[in-house]
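Below is one structure; the comments refer to it alone.
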Amino acid sequence: LRAARAGERIVIYGDYDVDGITSIAILFHTLRALVPGCEPAWYVPHRLEEGYGLNSEAIAQLCREGAGVIVSVDCGVTAVEPALVAKRAGVDLIITDHHNPPASMEDLPEAFAVIHPRRPDSTYPFGELCGAGVAYKLAWRLCTLESGGRKVSDATRALLIDLLGPAAMGVIADVVPLLGENRVIARQGLKRIRGSSIEGLRALVKACGLDSEKVQADHVGFSLAPRLNACGRLGHAAEAVELLTTATGERAVQIATGLSRLN
């Protein structure tokens, strides 16, 4: 929040699957809503050329390009060397992840913060969150920090409820257990996908022929999610991220149609 208010360059670094893409969208829209004028950048590695997760070359390039804060989503909990690259460059790296963490605290990356429900020292009561679930919890906390208390404004509350839509897509697409918090996120989020404030998500729903349907879990698993995954698997996930972040109007329709064709 301090970085956003100060106009620092914030980069959200996410995985190229649905969980990573929706995680980027959650933090992107939260930061833009909380700090007017904040325009977070994002980075997704190329599946074939860079592989999964944080890589040192990409982190070094982002640092050279003037990043003040890099926030990972759905990756990074074992990225020891990339974290050192950011630290040496004086860039704050905030890691949010849900994949298997190291067994000891000493083996965690040396980052500004490592947010993970199953850190070795964690007392968090539910360890099965997906990447989007962890990103959603961070977004929620940013909102309460901005409000200065446990309650947030009506507009911020509406945003958090709306963002349950992409969070539910991450939960379902990543096939985490539909128990506890995951079940709540999925159940409440499914109700909000079709009418989402994210124009690109509405365009994707329409491209799937679901704009007059009650969106259910199998629609996410077999229609919406495969389209978002398609470009990451056959090329680069950039268009899928654009669809859920900045795409509006004809551009949103163009991307959604293209993803359907690619799928």
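The values are calculated or read from the model by the stated rules, or taken from the named source; none is laboratory data. Remember, predicted model here, so these are calculated numbers, not experimental data. Here Cβ is always computed from backbone atoms with ideal geometry, including for glycine, and neighbour counts include all displayed protein chains. For accessibility, only protein heavy atoms count, side chains too; no ligands or nucleic acids. Shrake-Rupley method; radii C 1.70, N 1.55, O 1.52, S 1.80 Å.
All other residues whose Cβ lies under 11 angstrom from that of Arg194 are scored, Lys and Arg at +1 and Asp and Glu at -1, for a net of +3.
Work out the charge dipole of the chain with +1 on the Cβ of Lys and Arg and -1 on the Cβ of Asp and Glu about the Cα centre, then indicate which of Gly76, Pro226, Gly165 is farthest towards its positive end. Final value for the positive-end residue is Gly165. Only helices enter this figure: runs of n ≥ 4 DSSP H residues, each worth -39500 (n - 2.57), summed and divided by the residues of the chain, yield -14500 deg cm²/dmol at 222 nm to the nearest 500. Using the Cβ of Ser104 as centre and a radius below 12 Å, the other residues enclosed give a net charge of -2, where K and R count +1 and D and E count -1. For the range 145-190, a simple Cβ point-charge model (Lys and Arg +1, Asp and Glu -1, everything else neutral) yields a dipole of about 180 debye relative to the Cα centre.
Around the Cα centre of the chain, unit charges on the Cβ atoms of Lys, Arg, Asp and Glu (plus for the first two, minus for the last two) sum to a dipole of about 860 debye.
What's the tally of Lys pairs in the chain whose alpha-carbon atoms lie under 22 angstrom apart, where the two lysines are 8 or more places apart or on different chains? Spell out each step's value before the answer.
Numbers: Lys137/Lys151; Lys137/Lys191; Lys191/Lys206; Lys191/Lys214; Lys206/Lys214.
Lysine pairs meeting both conditions in the chain amount to 5.
Under the combined filter of DSSP loop state and at most 12 neighbouring Cβ atoms within 10 Å, the range 1-99 retains these GluC sites (Glu not before Pro): Glu49, Glu65.
Given a 1.4 Å probe and every protein chain left where it sits, what share in percent of the accessible area of the range 75-152 is carbon and sulfur? Numbers along the way, then the final one.
Working: 2100 of 3960 Å².
On the range 75-152, the fraction of accessible area on carbon and sulfur atoms equals 53 percent.
For the chain, the longest principal axis of the Cα atoms and the long axis of helix 249-262 meet at an angle of about 90 degrees. What number comes out for the charge environment of Ala225, summing +1 per Lys or Arg and -1 per Asp or Glu over other residues with Cβ under 12 Å away? Counting the neighbours of Ala225, the net charge comes to -2.
Largest first, the three principal axis extents of the alpha carbons in the chain are 51, 42, 37 Å in whole numbers.
Ordering Val114, His29, Leu54 by Cα displacement along the dipole of the chain toward the positive end leaves His29 in first place; charges were set at the Cβ atoms of Lys, Arg (+1) and Asp, Glu (-1). The angle between the Cα long axis of helix 131-147 and the main principal axis of the chain comes to about 80°, on a 0 to 90 degree scale. If R0 equals 41 Å, the separation of the Cβ atoms of Val175 and Ala6 corresponds to a calculated FRET efficiency of about 0.55.
In the context of the full set of protein chains, residues of the chain present 46 Å² of accessible surface per residue (probe radius 1.4 Å, heavy atoms only).
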